[in-house]
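The values are calculated or read from the model by the stated rules, or taken from the named source; none is laboratory data. None of the values given here were measured: they were computed from a predicted structure. FYI the Cβ positions are ideal-geometry reconstructions off the backbone, even for glycines, and counts take in every protein chain you see.
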Amino acid sequence: MSNKFSHLATEATQRKEYAMSPGNGLTGNAPIPHDLWRRIIPIVREYDKANVSIAQLYSYLLAYVNGNKENNRYMSAFPSVDKIAEETGIGRNRIAKLSNVLVAGGLIKTAYDYMTNKRDELYFSMYYSSLTEDEIRRNLDELYC
């Protein structure tokens, strides 16, 4: 087998390690689970082909995770529906449904924070799904009944 791409593989490996290391000076990075495209999206598309947009919403939420340990909202993302719609192009009316699909797939959990004068939804990434394919389908069956 040829090693003509080994220099690119080496550079990619080094960059991945650097990007995921704390204190690297980058603005932050989060892993995208392989399961998202290899297992979860094929399942959720069985229910609605447009559910492929969970990948965009999931990566967006990862980009906004609060990494400040001193904050009550540590490890959550809390952009408003309007902000998500504006910055991703996902329709406002689709965001809640896609969020529910991410919950059904085991990729996020949500909670509400009533600390301000309005209710804020907090999105907690689980970084991988521990659910079996049958569990995901059961959750989606409940969502799509």
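Being at pLDDT 95 or above and either within 30 Å of P22 (Cα to Cα) or within 16 Å of the chain's Cα centre (by Cα) (or both) holds for only one residue in Y123, Y64, and it is Y123.
Those helices (runs of 4 or more DSSP H) of region 37-93 in which at least 3 residues are farther than 18 Å from I108 by Cα and out of contact with any strand residue (DSSP E or B) (no Cβ under 9 Å at 6 or more places or on another chain), considering only elements entirely within it, cover 81-88. Contact annotation: residue pairs with Cβ atoms under 6 Å, 6 or more positions apart or on different chains, pairing a residue in region 101-121 that is more than 30 Å from W37 (Cβ to Cβ) with a partner that is not hydroxyl-bearing (S, T, Y), are D113/D120; D113/L122. Of the candidates S76, S80, S53, S99, the single residue that is of a type in the set (S, T, Y), over 21 Å from L143 (Cβ atoms) and surrounded by 18 or more Cβ atoms within 10 Å (Cβ to Cβ) is S76.
Each row is one residue, and each column tells you yes or no for (1) surrounded by fewer than 12 Cβ atoms within 10 Å (Cβ to Cβ); (2) of a type outside the set (D, E).
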residue: I84; (1), (2): no, yes
residue: T88; (1), (2): no, yes
residue: L107; (1), (2): no, yes
residue: K118; (1), (2): yes, yes
residue: E121; (1), (2): no, no
residue: L131; (1), (2): no, yes
residue: D134; (1), (2): yes, no
residue: L140; (1), (2): no, yes
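Select from region 1-23 the residues that are surrounded by 12 or more Cβ atoms within 10 Å (Cβ to Cβ) and not hydroxyl-bearing (S, T, Y) and write down the one among them that is farthest from N66 (Cα to Cα). Residue satisfying both the conditions and the ranking: K16. Residue selection: N71 fails the criterion of being at pLDDT 90 or above and over 9 Å from the mean Cα position of the chain (by Cα). Within region 121-135, is even one residue polar (S, T, N, Q), over 18 Å from L62 (Cβ atoms) and in a loop (DSSP other than H, G, I, E, B)? Yes, some residue in region 121-135 is polar (S, T, N, Q), over 18 Å from L62 (Cβ atoms) and in a loop (DSSP other than H, G, I, E, B). Among all residues of region 20-34, there is none that is assigned to a helix (DSSP H, G or I), touching a residue at least 12 places away in the same chain (Cβ under 8 Å) and of a type in the set (A, V, I, L, M).
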